[in-house]
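Reading through the structure tokens given below for one structure.
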Amino acid sequence: MPIPSFQRFHLPPASNSSLLVTGGAGYIGTHTLLELIRAGYQPVVLDDFSNGSHLALKRVESLAGHTLQVVEGSITDTGLLDAMFSSAAEHGSPIQAVVHFAGLKSVGESVAKPLDYYQTNVAGTLTLLQAMERAHVHTIVFSSSATVYGIPLAQPYTESHPIAPVNPYGSTKAIVEQILRDWCAAHPAHRATCLRYFNPIGAHPSGMLGEAPEGIPNNLFPFITQVAVGKRPHLNVFGNDYPTVDGTGVRDYIHVVDLAIGHVKALEHSRRATTGFVAINLGTGRGTSVLELLHAFQTVSGQAIPYEFQPRRPGDIAECWADPSTAEALLGWKATRTLEDMCADGWRWQSQNPNGYEP
Ligand code: UFG
């Protein structure tokens, strides 16, 4: 795939395009910032850098040819939020909408530290919404997750599947969705789009942005790329006795750039929407097993990935994939990047940045 140029975008007047992007320095946030700038928005980033990188934002700036406004701080800081909304308005670029990524995101950690998860993800979002109300900002795009569905009753997951999360992380996403549903019901101008991500993987095709987990990766794809680059000796494949195509777990992997574009489409939808709350799956509609992903990665990268079968990982389901038809109908969005694109771009990122954003 050709590397897109981000140098030639003409930005529309700031007065109608200013956005607050919370958690903009993280994996999905940085990729989304690029797409937002490309679409003509002027994002202001709020991030506490607990899981994001200053260098990643510098790279966004260099890819975009655009200087970002970045504020270091937390969504739980009422005074800071008020100051950011007021300052944007005073400078003639009032914030029009919020794209809300900030939050804790590890399933396992959420089981061990549930209060941290409720504090940051739920209380933090409440604080943000209250500040938005004071600033008369009516639109939010929220980073939700397919994990809100819990144990699948049927595949693919449609948005009408019951919400029954099985861990505190998933519960925080489901609770925030409910808060947003109620917030939209309370005022006809409120617009909330909850994007239920499936499994984002891959990286920006430039090789300059990608996923940089701290420590040992929990998720499959960054683990594979770290084995490929020699940082881990082998991959543990959790379970080979699932009732799936080859016994290994099946997921709906989606290229992070496709996911990022989904946020731009969601903002456009918010402007057109006549109803307030909507939850939308962002996935490809295709399931891929652990071994299928592994083989695709080996073929694309030319790297051998040694692996060992291990018992099933507690809490994992056998398979899940999205029904992405709501996204196509409402947003005009469809994932276009293939599994091979995900592997090629993820490998380019990892091989060019073996230590992520660290030197
Ligand atoms: N897996 C391995 N070895 C590993 C890591 C994972 O075999 O080292 C397997 C898992 O057992 C599973 C598949 O690879 O079958 C995918 O696992 P991930 O950890 O990459 O992703 P999950 O589907 O478990 O979870 C992800 C996100 C969650 C999110 C969920 C939404 O990590 O935050 O997708 O569906 F909630």
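The values are calculated or read from the model by the stated rules, or taken from the named source; none is laboratory data. If you're wondering where the values come from, they're calculated on a predicted model, not measured in any experiment. So basically every Cβ, Gly included, is an ideal-geometry build from the backbone, and we count neighbours across all protein chains shown. What goes into the accessible areas is simple: the full protein's heavy atoms, side chains included, and nothing from ligands, DNA or RNA. Shrake-Rupley method; radii C 1.70, N 1.55, O 1.52, S 1.80 Å.
A quick yes/no check of all residues on (1) in contact with a strand residue (DSSP E or B) (Cβ under 8 Å, 6 or more places away or on another chain); (2) crowded, with 23+ Cβ neighbours inside 10 Å; (3) modelled with pLDDT of 95 or more:
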position: HIS255; (1), (2), (3): yes, yes, yes
position: PHE277; (1), (2), (3): yes, no, yes
position: ILE280; (1), (2), (3): yes, yes, yes
position: THR284; (1), (2), (3): yes, yes, yes
position: LEU291; (1), (2), (3): yes, no, yes
position: GLN303; (1), (2), (3): no, no, yes
position: ARG312; (1), (2), (3): yes, no, yes
position: ASP316; (1), (2), (3): yes, no, no
position: ALA322; (1), (2), (3): yes, yes, yes
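Has the range 328-337 got at least one residue that is surrounded by 14 or more Cβ atoms within 10 Å (Cβ to Cβ), touching a residue at least 60 places away in the same chain (Cβ under 8 Å) and part of a helix (DSSP H, G or I)?
yes
Which condition does ILE179 not pass, out of (1) assigned to a helix (DSSP H, G or I); (2) β-branched (Val, Ile, Thr); (3) surrounded by 17 or more Cβ atoms within 10 Å (Cβ to Cβ), if it passes all the others?
(3)
For the range 147-174, what are the residues that are under 17 Å from ILE28 (Cβ atoms) and open to solvent by 20 Å² or more (accessible area, probe 1.4 Å)?
Passing the criteria: THR147, TYR169.
Pick out the one residue from LEU63, LEU36, LEU104 that is in contact (Cβ under 8 Å) with a residue 60 or more places away in the chain and in a loop (DSSP other than H, G, I, E, B).
Details: LEU63 fails: in a loop (DSSP other than H, G, I, E, B); LEU36 fails: in a loop (DSSP other than H, G, I, E, B).
Being in contact (Cβ under 8 Å) with a residue 60 or more places away in the chain and in a loop (DSSP other than H, G, I, E, B) holds for just one of LEU63, LEU36, LEU104, which is LEU104.
Out of PRO205, PRO213, PRO188, which single residue is assigned to a loop (DSSP other than H, G, I, E, B) and out of contact with any helix residue (DSSP H, G or I) (no Cβ under 6 Å at 6 or more places or on another chain)?
PRO188
From SER74, SER93, which residue is over 22 Å from LEU259 (Cα atoms), assigned to a loop (DSSP other than H, G, I, E, B) and under 19 Å from the mean Cα position of the chain (by Cα)?
SER74
Can you work out which of the residues in the range 15-40 that are open to solvent by 20 Å² or more (accessible area, probe 1.4 Å) and under 23 Å from LEU129 (Cβ atoms) is nearest to the chain's Cα centre (by Cα)?
Kept after step one, since they are open to solvent by 20 Å² or more (accessible area, probe 1.4 Å), are these residues of the range 15-40: 15-16, 27-28, 38-39.
This time we only want the ones that are under 23 Å from LEU129 (Cβ atoms), so: 16, 28.
Working: ASN16: 25, ILE28: 4 Å.
Checked the range 15-40; the qualifying residue nearest to the chain's Cα centre (by Cα) is ILE28.
Among the residues of the range 147-159, how many are under 21 Å from the mean Cα position of the chain (by Cα) and not in a helix (DSSP H, G or I)?
Result for the range 147-159: 5.
When the residues of the range 216-230 are narrowed to those that are part of a loop (DSSP other than H, G, I, E, B) and more than 13 Å from the ligand (Cβ to nearest atom), which ends up most open to solvent (accessible area, probe 1.4 Å)?
Quick first cut of the range 216-230, residues part of a loop (DSSP other than H, G, I, E, B) only: 216-219, 229-230.
From the residues that got through so far, the ones that are more than 13 Å from the ligand (Cβ to nearest atom) too are 229-230.
Values: VAL229: 44, GLY230: 62 Å².
Looking at the filtered set, the residue picked out is GLY230.
For the range 202-220, which positions are closer than 22 Å to VAL250 by Cβ and touching a Phe, Trp or Tyr at 6+ places or on another chain (Cβ under 7 Å)?
GLU211, PRO217
Just to be sure, is TYR169 modelled with pLDDT of 95 or more and in a loop (DSSP other than H, G, I, E, B)?
Here the answer is no, as TYR169 does not meet what is asked.
Out of all the residues in the range 231-249, which are within 10 Å of the ligand (Cβ to nearest atom) and on the phi > 0 side of the Ramachandran plot?
Result: GLY239, single match.
Between a residue in the range 175-196 that is free of Cβ contacts under 8 Å to residues at least 40 places away in the same chain and any residue that is open to solvent by 70 Å² or more (accessible area, probe 1.4 Å), which pairs come within a Cβ distance under 9 Å, given they are 6 or more apart or on different chains?
Sorted first by the residue in the range 175-196, then by its partner, the pairs are GLN178/ILE163.
Out of LEU115, LEU126, I need the residue that is farther than 19 Å from HIS190 by Cβ and in a helix (DSSP H, G or I). Which one?
That would be LEU115, the only listed residue that is farther than 19 Å from HIS190 by Cβ and in a helix (DSSP H, G or I).
Could you list, in sequence order, the residues of the range 324-344 that are under 27 Å from GLN303 (Cα atoms) and either among the polar types (S, T, N, Q) or in contact with a strand residue (DSSP E or B) (Cβ under 7 Å, 6 or more places away or on another chain) (or both)?
Taking the range 324-344 and keeping what is under 27 Å from GLN303 (Cα atoms), we get 335-344.
Those that are under 27 Å from GLN303 (Cα atoms) and either among the polar types (S, T, N, Q) or in contact with a strand residue (DSSP E or B) (Cβ under 7 Å, 6 or more places away or on another chain) (or both): ALA335, THR336, ARG337, THR338, LEU339, ASP341, MET342.
For PHE85, all conditions in the list (1) over 16 Å from ALA192 (Cα atoms); (2) exposed (fewer than 15 other Cβ atoms within 10 Å of the Cβ) hold save one; what is the number of the exception?
Tallying (1) over 16 Å from ALA192 (Cα atoms); (2) exposed (fewer than 15 other Cβ atoms within 10 Å of the Cβ), PHE85 fails exactly one: (2).
Among the residues of the range 130-146, count how many are part of a helix (DSSP H, G or I), surrounded by fewer than 22 Cβ atoms within 10 Å (Cβ to Cβ) and in contact (Cβ under 8 Å) with a residue 40 or more places away in the chain.
Here is the first cut: in the range 130-146, the residues part of a helix (DSSP H, G or I) are 130-134, 146.
Imposing the further condition that a residue be surrounded by fewer than 22 Cβ atoms within 10 Å (Cβ to Cβ) reduces the set to 130, 133-134.
Then keep just the ones that are in contact (Cβ under 8 Å) with a residue 40 or more places away in the chain; that gives 130, 134.
Adding up the residues that qualify gives 2.
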